[in-house]
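What follows is one structure encoded as structure tokens, with my remarks underneath.
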Amino acid sequence: MITPNELKQQAQNSWQHQSSLDWLSLPAKARATFAGLDIPTRKTEAWKYTPLTPLLNNAYLANQAAGDVDAGAAETRIGPLGDVSRLVFINGHFTPGLSRFSDLENQGIITLFSNANDTQRDLINAELGTGFEPKEHIFATLNYSSVADGLLIHAPADFKVQQAIQLVYLSTAEADTSLAQSRVLVCAEAGSSLELIEQFDSLGATNVFHNHMMEVSLHPNARMVHTRLQVEHESLTHINGLHIKLAQGSHYEQHALAFGSALKRNDINVSFNGNNAYCRLNGVFLSKHKQHIDNHLNLEHAAPHCNSDTEYKGFITDSSRAVFNGRIHIHQHAQKTAAHLNSKNLLLSKQAELDTKPELEIYADDVKCSHGASIGKLDDKSLFYFQSRGIDRATAEAMLCLGFVNEMVEQFPNGAVIELARQRLAEFFNDVDKLNNLWSLE
Amino acid sequence: MSATPLLEVKDLVAEVDGKTILDGISLTVKPGEVHAIMGPNGSGKSTLANVLAGRDDYQVVGGSVTFKGNDLFELEPEERAREGIFLAFQYPVEIPGVSNMQFLKASVDAVRKHRGQDELDAPAFMKLAREHCKELKLKPEFLKRGVNEGFSGGEKKRNEILQMALLEPSLALLDETDSGLDIDALQVAAEGVNALRNEARSFIVVTHYQRLLNYIVPDYVHVLAGGKIVKSGGRELALELEEKGYSWIQ
């Protein structure tokens with residue numbers, strides 16, 4: 001085990017062996033910021049319940065993951081999603097052989113940073129890294145300290161991207177423990193709309209630390225529907241930053257399913273910068289065995305007349321640990337905000353632990369806000385209803401658990417994604433007592 | 001009058017948190033009979049139905065109940081259901097995320113297995129469920145929705161009747177099936193119940209109002225007050241209650 005300082009040194013050493021895009025201004029800035037930051041410890045408030053032990057125990061940062069893969073195995077794992085534009089990244093590396101997005105590439109809507117033209121480079125330089133405070137997000141800063149490549153999704157004004165865009169990130173077993181990084185910048189110009197499906201998965205056990213970043217900027221009246229599946233093998237270490245800027249009248253909706261792993265951390269930061277913007281965050285996370293999952297949500301209501309609805313559910317069993325931190329911050333001039341956040345959790349084992357913390361900070365005086373958190377066992381009335389129909393208690397409990405998770409999954413906007421999510425859930429439940437043979441009940 | 005009783009309740013006493021709700025109930029139900037239990041609010045009539053179905057909010061502190069000759073209290077709620085007791089809930093529970101079809105299939109599978117019948121395969125079950133839906137004027141999409149999730153009052157009650165039809169119980173307990181129903185919904189529900197009446201199947205119909213009994217005509221009417229059966233009679237007793245109210249009895 002190394003010390004946090006040694007981890008920091010490891011990161012800084014790794015940059016010497018990596019090239020960045022020479023026209024990109026951010027890495028130099030990010031490196032300078034990173035140099036002044038400390039690796040979070042348990043004393044850091046935002047990391048209080050999430051120790052970075054896997055990073056200190058494995059020399060992830062000493063090696064860069066490669067992008068080799070068995071195409072057939074990858075294709076099988078990705079699964080068919082029908083008519084979508086697809087980009088596949090293996091350990092963070094773009095993999096053209098598994099990708100198909102030529103229509104959107106030709107229209108300049110999807111571009112790899114390495115292929116960006118001057119206009120696109122200007123856009124990337126202007127937008128990348130502006131969605132968050134670098135000092136508060138050390139792993140984002142780490143991500144931007146060495147940018148070998150990245151993905152730009154740019155929807156022009158009033159353009160409706162008809163096909164959903166599927167981004168697949170697969171982690172694999174590498175020769176050595178290693179680091180995989182990826183980043184996506186989404187700019188949706190005024191009045192445009194798009195649907196994005198992010199699929200984080202792995203080909204069996206993996207010894208990779210995947211550090212992923214996405215920044216989204218929705219211009220006035222732009223719309224984005226975003227589904228995220230984080231269904232990788234439990235051996236993965238994954239830190240994920242998502243930073244969203246909402247301009248006037250824009251609409252962002254997210255549906256997320258996430259499994260725990262050796263370490264999984266999701267930061268979602270939403271900034272309401274213009275009036276009448278809307279954000280929905282629907283999420284369900286599951287952890288079993290000794291997995292760990294941490295969801296940190298922060299909604300910055302900095303403009304009046306904006307609404308947000310956040311509903312997160314947690315399913316926590318065995319000796320796993322989960323964290324939910326949902327903060328709503330209503331700035332002084334953000335009058336007429338309606339913001340609601342709810343965290344509902346099923347804690348199914350005495351050894352499991354959940355730390356849930358909804359936070360409301362309100363500095364405006366004319367707002368409607370609510371927040372709540374519940375940690376419970378299954379409802380007795382519901383259990384009796386099942387039993388009164390001849391269903392034994394164990395099966396009733398299992399079905400209620402599945403219903404709890406399924407209630408979120410069935411709200412996913414895309415039927416093929418629901419199907420895929422259900423397959424992964426079947427795998428997840430495979431060794432969860434009593435749930436294994438029920439999930440497929442349709 | 002020679003048939004063996006299906007259900008025999010003797011001096012049943014039940015309480016909630018030390019408060020006596022049923023105070024010595026005796027009731028004999030033979031196969032094919034329909035018994036109405038009437039009474040004012042708080043008389044214990046819903047408690048009786050729930051105690052028989054096995055809800056553990058109530059503590060049975062005295063008396064005995066035999067069902068098909070066996071001690072009912074030896075059985076878990078799910079075992080009672082498999083043996084043929086069905087409770088149509090006054091307030092059916094909403095279970096989001098579990099489809100009505102999943103729920104019905106799991107239920108019917110469990111009961112059929114216990115009765116030594118073959119499990120129905122999915123297509124056969126779908127067909128059967130759809131037929132019953134049609135009789136109860138429920139759209140087929142109804143089966144795909146979450147159990148009782150967002151159902152209207154009438155839909156919830158008809159869903160109870162649908163379950164009853166699929167489970168083919170020998171004793172159905174209808175707990176205020178008429179509450180919250182308009183007259184049309186009431187008729188549909190009552191027709192569903194009447195279609196299931198036969199010489200082997202018995203019903204205990206718990207209701208506050210005689211209205212329901214115009215549609216589901218009982219063989220016997222019992223009036224419950226203060227946890228006791230204070231009067232029993234034939235159908236005409238319900239009509240008398242309708243006219244005179246419960247104060248006449250108490």
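Just so you know, all these numbers are worked out from the coordinates, no wet-lab data involved. Only a predicted model underlies this, so the values are computations on that prediction, with no experimental measurement involved. Heads up, the Cβs are rebuilt from the backbone with ideal geometry, glycines too, and the neighbour counts pull from every protein chain shown.
How shielded is B:77-84 by partner chains, expressed as the average number of their Cβ atoms within 10 Å of its Cβ atoms?
5
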Practice task
May I ask you to sort B:Lys45, A:Lys135 by Cβ crowding, counting other Cβ atoms within 10 Å and putting the fewest first?
Solution key: A:Lys135, B:Lys45
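Would you tell me the mean number of C-beta atoms belonging to other protein chains that fall within 10 Å of each C-beta in B:145-153, as a whole number? Present the calculation step by step, with values, prior to reporting the outcome.
On the way: counts 0, 4, 5, 1, 2, 0, 0, 0, 0.
Whole-number average of other-chain Cβ neighbours for B:145-153 is 1.
Taking a temperature of 37 °C and a viscosity of 0.692 mPa s, what whole-number D in µm²/s does Stokes-Einstein yield for chain A with Rh from Kirkwood over alpha carbon pairs?
Numbers: Rh = 22.3 Å.
For these conditions, the coefficient is 147 µm²/s.
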Fill in the blank from the handout: Binned at 10 Å from zero, the C-alpha pair distances of the stretch B:153-250 give percents of 15, 47, 31, 7, 0
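Given a Förster distance of 41 Å, report the FRET efficiency between B:Lys139 and A:Asn106 from their Cβ-Cβ distance, rounded to the nearest 0.05.
Values: r = 46 Å, r/R0 = 1.12.
For B:Lys139 and A:Asn106, the calculated efficiency is 0.35.
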Completion exercise
Bridge orientation stat for chain B from DSSP, antiparallel percent rounded to 5, came to 55
Problem - Reciprocal mean inverse distance between Cα atoms of the stretch B:81-228 - Kirkwood radius, Å - result: 15.9
Practice task
In nm, give the distance between the simple-model label positions of B:Lys231 and A:Tyr363, each being 7 Å from the Cα along the Cα-to-Cβ direction.
Solution key: 7.2
Practice task
List A:Cys369, A:Cys306, A:Cys401 from most exposed to least, where exposure is judged by having the fewest other Cβ atoms within 10 Å.
Solution key: A:Cys369, A:Cys401, A:Cys306
Completion exercise
If every Lys and Arg gets +1 and every Asp and Glu gets -1 at its Cβ, then about the Cα centre the stretch A:380-442 yields a dipole, in debye to the nearest 20, of 140
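Run the numbers on chain A and let me know its relative contact order in percent, using alpha-carbon pairs under 8 Å that are six or more apart.
On the way: 1106 pairs, mean separation 43.7, N = 442.
Worked out over chain A, it gives 10 percent.
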Practice task
Normalise the Debye intensity by I(0) for the stretch B:1-81, one equal point scatterer per Cα, no solvent, then take log10 at q = 0.11, 0.16, 0.18 Å⁻¹ and round to two decimals.
Solution key: -0.28, -0.60, -0.76
Problem - Size of electric dipole in chain A: Cβ of Lys, Arg +1 and of Asp, Glu -1, about Cα centre, debye, nearest 20 - result: 820
Practice task
Compute the distance in nm between two label points, each set 7 Å from the Cα along the Cα-to-Cβ direction, one at A:Ala338 and one at A:Asp380.
Solution key: 3.6
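Assuming R0 = 51 Å, can you tell me the calculated FRET efficiency for the pair A:Arg42 and B:Lys19, based on Cβ-Cβ distance, to the nearest 0.05? Walk me through the numbers on the way to the answer.
On the way: r = 51 Å, r/R0 = 0.99.
Efficiency, from the Cβ-Cβ distance: 0.50.
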Problem - Of B:Lys10/B:Lys244; A:Lys344/B:Lys157; B:Lys30/B:Lys68, those spanning more than 20 Å from alpha-carbon to alpha-carbon - result: B:Lys10/B:Lys244; A:Lys344/B:Lys157
Practice task
With everything on Cα atoms, drop me the angle between helix B:100-114 and the longest principal axis of chain B, reported from 0 to 90° to the nearest 10.
Solution key: 70
Fill in the blank from the handout: Length gained, B:Lys244-B:Ala200, 0.36 nm per residue minus C-alpha separation, equals 12.5 nm
Handout entry: Extreme residue, positive dipole direction of the protein assembly as shown, given options B:Val60, B:Ser247, A:Pro156 (C-beta unit charges)
Key = B:Ser247
Practice task
Take every DSSP beta bridge with both residues inside the protein assembly as shown and express the antiparallel ones as a percent of the total, to the nearest 5.
Solution key: 15
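With n ≥ 4 as the cut-off for DSSP H runs, can you work out [θ] at 222 nm for chain A, using -39500 (n - 2.57) per run divided by the number of residues, rounded to the nearest 500?
On the way: 10 runs with 98 residues, N = 442.
Value at 222 nm, helices only: -6500 deg cm²/dmol.
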Problem - For the stretch A:1-102, alpha-carbon Rg over 2.2 N^0.38 Å - result: 1.42
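Can you work out the FRET efficiency for the pair A:Asp68 and A:Gln16, with r the C-beta to C-beta distance and R0 = 30 Å, to the nearest 0.05? Please list the in-between numbers first.
Numbers: r = 24 Å, r/R0 = 0.79.
It comes out at approximately 0.80.
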Handout entry: Taking only Cα atoms of the stretch B:12-137, radius of gyration then Dmax in Å
Key = 17.1, 49
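Taking all pairs of distinct Cα atoms, average 1/r, flip it, and tell me the Kirkwood hydrodynamic radius of the stretch A:247-307 in Å to one decimal place. Don't skip to the answer; put the middle values down first.
Working: mean 1/r = 0.0777 Å⁻¹.
For the stretch A:247-307, the Kirkwood estimate is 12.9 Å.
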Problem - Highest-first arrangement of B:224-230, B:241-247, B:161-167, where packing means the average Cβ count within 10 Å - result: B:161-167, B:224-230, B:241-247
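When A:Met213, A:Met1 are ordered from fewest to most other Cβ atoms inside 10 Å of their Cβ, what list results? Working shown, then result.
Details: A:Met213 28, A:Met1 8.
Final ranking by Cβ density, sparse to dense: A:Met1, A:Met213.
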Exercise for the section: May I ask which residue of A:His371, A:Thr227, A:Gly97 lies farthest towards the positive end of the charge dipole of the stretch A:4-377, with charges of +1 (Lys, Arg) and -1 (Asp, Glu) on Cβ and the Cα centre as origin? Expected result: A:His371
Completion exercise
Partner shielding of B:102-114, taken as the mean number of other chain Cβ atoms within 10 Å, equals 4
Fill in the blank from the handout: Scattering profile of the stretch A:380-442 from the Debye formula, Cα beads only, expressed as log10 I(q)/I(0) at q = 0.29 Å⁻¹, is -1.20
